[in-house]
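Data first, discussion second: the structure below is written as structure tokens.
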Amino acid sequence: MELILFVIIMVAVLVLPLKMAAAMMGARNTGVFHCLFALLLALIVQRIVGGMLPGVSDSAGVLLTIPLAAIAYMLVLGTGFLKAIIIAILQGIITFLAMLLFAGMFANI
């Protein structure tokens, strides 16, 4: 039971920021399963490219991750490449702010 609850919470934490960012930017497909599939596709593409480029530094990895995620978002969410880059950046910002909010709630700040 705890595993199911954990999986539901993790999917919500990962999918909802992407869903919010896609809706803000006017993507055609903003459903939960579209966003989940876009995240999975972005993960697969990033792992494949990361395996082909060994020894990439952290800063170069971040710069490489955003366009790769944008390609996956562009294909699945039905938007242009520049909007997909903005969606990827917005998703990161929303996720960061949500984690700060949750950490503050659990730390009783």
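For the reader, a short list of remarks on this structure follows.
- A simple rule links phi to the HN-Hα coupling: the Karplus curve 6.51 cos²θ - 1.76 cosθ + 1.60 with θ = phi - 60°, which for segment 18-30 gives 5, 4, 5, 5, 5, 5, 4, 8, x, 5, 6, 10, 10 Hz, with x for Gly and Pro.
- D (Stokes-Einstein, µm²/s), Kirkwood Cα radius, the chain, 1.567 mPa s at 4 °C: 88
Read-outs throughout are calculated quantities, based only on the coordinates presented, and are distinct from any laboratory measurement. Note that this is a predicted model, so its numbers are computed, not measured.
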